[in-house]
Amino acid sequence: MALPGGLDRLHRVVSAVANRLAAPESVFRRLLSPVYGAALRLLARDTGIEVVVNGERFRIDPGVRAAVPSTYEPEVLRILRARLRPGACVVDVGANIGLWVLHAARLTAPAGRVIAFEPNPATAGVLRRHLRMNGFDARVVVETAALAAKPGTARLYGVAEAAGTSRLHEGNPEGARPASGVAVPVTTLDEYCAARALRPSLVLIDVEGLEGDVLEGATRTIGSNPELTVIVEMHPTLWGAGEEDRLRDLLGRLGRTARGISGQDDPLRSYGQVVLEPADGASGDEEQVMAETEKSQGSGAFPVSKTEGEWRAQLTPEQFAVLRQHATERPGSCALLHEKRPGTFKCAGCGQPLFVAHRKFESGTGWPSFFAPVEGSIGTTEDRSHFMVRTEVHCSRCGGHLGHVFPDGPPPTGLRYCINGVALEFEPAGDAISR
Ligand SMILES: [Zn+2]
């Protein structure tokens, strides 16, 4: 274990020296950064580099470090922390590179078990490396398979990238359409658990719109165990006709009700995380207490925090849809796209300055684009909606959703903050001075 510690020290020393020599945005740093990244990846292939996610230290593959946010779905983490006990069994369906798997393995230590389903072979490979790097490989099983309503095989598309856009049955409509997929094995949660006499305590499901299929194949596992916590990332915008009715019918058969935990209006109509609670049980008390404790301690909540009704009263319907519901405005629809005067772009939710005019550039996308925000004004989370892993950006003061950041921007940062204009309010430079 001498090498990882040594590498972390080396990485810290190199970063410190680089900070002395040149600003992070300098051309010098920008030219050397990919070279250094490649060297780091080669050196750290087996040991990884250390990152802090949700306050927990984990070792990860340096090749995916850009896809790992410092804060990741706090509403889900709260439930994991409240309900997972040492020795528990967790099933993660659509485990991706394993951020929840790492958290679950640590929360159930020393004897807990985690089963991670990740059908993309490249992604499953990264996940297995992460388990070895963190010493969890003895307690976590990675199944390179998909879960659905019936066992068999299915084609998985978009498998070239390890942390990315793969999807069952068809390609990602928002990405380049892959010519062909790979065949992946499919099982059902019921069949898998029955064959191994598994009785999980918690199941996480994130399958990009195919939620109904996974639940259909899990009716015995969920229906027979009211103690089982089920957390589903619902993607109603990706559902076909009749899918909402199918989900309501399924929940009735499972004896569960859907409780949205992402602040969404309707857990079966808006995108977000949902807990399937036993229909007759009083649940959610534990994490309610934890949420209130966190609020009173001032952690986990944004400095500006309002109820949904207060936000609706303050914002226009378009602003509410983007800032509070993660909608995306139509490209080219916002006048701020063409704003070229000197000045400041502020959060339409709370007024915090987010971007300055001289960091704006014309990206050709139809959305206002910036290569850097005002320092400290932006927070990020991993966004796995629409079959992609993207980095979501939000206002650090009110949590309002702004857009996404991509690594294909211009110098000096190489970043492209792709922002919904409706989430911003522009204040020309002269205004601030004359007031
Ligand atoms: Zn704000």
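Laboratory data are not the source of any read-out in this text; all were calculated from the coordinates shown. Note that the coordinates shown come from a computational prediction; the quantities given were computed from them, not determined experimentally. Reconstructed Cβ throughout: ideal geometry from the backbone, glycine too, with neighbour counts over all protein chains shown.
Can you tell me how the stretch 186-227 classifies by the Cα gyration tensor, rounded, prolate or oblate, using a/c under 1.5 as the rounded cut? Prolate shape, in that a/c is at least 1.5 and a/b is the bigger ratio.
Near the amide H of PHE355, within less than 5 Å, lie the amide hydrogens of PHE345, VAL374, all on another chain or at least 5 residues away, with H placed in the peptide plane.
Return the FRET efficiency for the residue pair VAL182, GLN314: r is the Cβ-Cβ distance, R0 is 56 Å, and the value is rounded to the nearest 0.05.
Efficiency, from the Cβ-Cβ distance: 0.70.
The THR328 and ALA39 beta-carbon pair, evaluated with R₀ = 41 Å, returns a calculated FRET efficiency of approximately 0.65.
In order along the stretch 187-192, the phi-based Karplus estimate (6.51 cos²θ - 1.76 cosθ + 1.60, θ = phi - 60°) of 3J(HN,Hα) comes to 10, 10, 5, 4, 5, 4 Hz; Gly and Pro are listed as x. Summarising the label geometry, the points placed 7 Å from Cα in the beta-carbon direction at ARG132 and THR219 lie 4.2 nm from one another. Each Lys or Arg adds one and each Asp or Glu subtracts one; over the other residues with Cβ under 14 Å from the Cβ of LYS340, this totals +1.
Counting Lys and Arg as +1 and Asp and Glu as -1, what is the net charge of the other residues whose Cβ lies under 14 Å from the Cβ of ARG113?
Every neighbour counted, the sum reads +2.
For PHE426, the amide hydrogen comes within under 5 Å of the amide hydrogens of LYS346, counting only partners 5 or more places away or on other chains and with H modelled in the peptide plane.
Give me HIS394, HIS326 ranked fewest to most by other Cβ atoms within 10 Å of their Cβ, as a rough exposure proxy.
By the 10 Å Cβ count, ascending: HIS326, HIS394.
Derived from the Cα gyration tensor, the three semi-axes of the equivalent ellipsoid of the stretch 97-160 are 23, 14, 8 Å, largest first. Label sites at ALA194 and VAL141, each approximated as a point 7 angstrom past Cα along Cα to Cβ, lie 1.6 nm apart. Backbone geometry of the stretch 127-133 corresponds, through the Karplus equation with coefficients 6.51, -1.76 and 1.60 at θ = phi - 60°, to 3J(HN,Hα) couplings of 4, 4, 4, 4, 5, 5, 4 Hz, x marking Gly and Pro.
Ranked by the mean number of other Cβ atoms within 10 Å per residue, highest first, peptides 405-413, 364-372, 202-210 order as 202-210, 364-372, 405-413. Between LYS340 and THR307, the FRET efficiency from the beta-carbon distance, with R0 = 56 Å, is close to 0.90.
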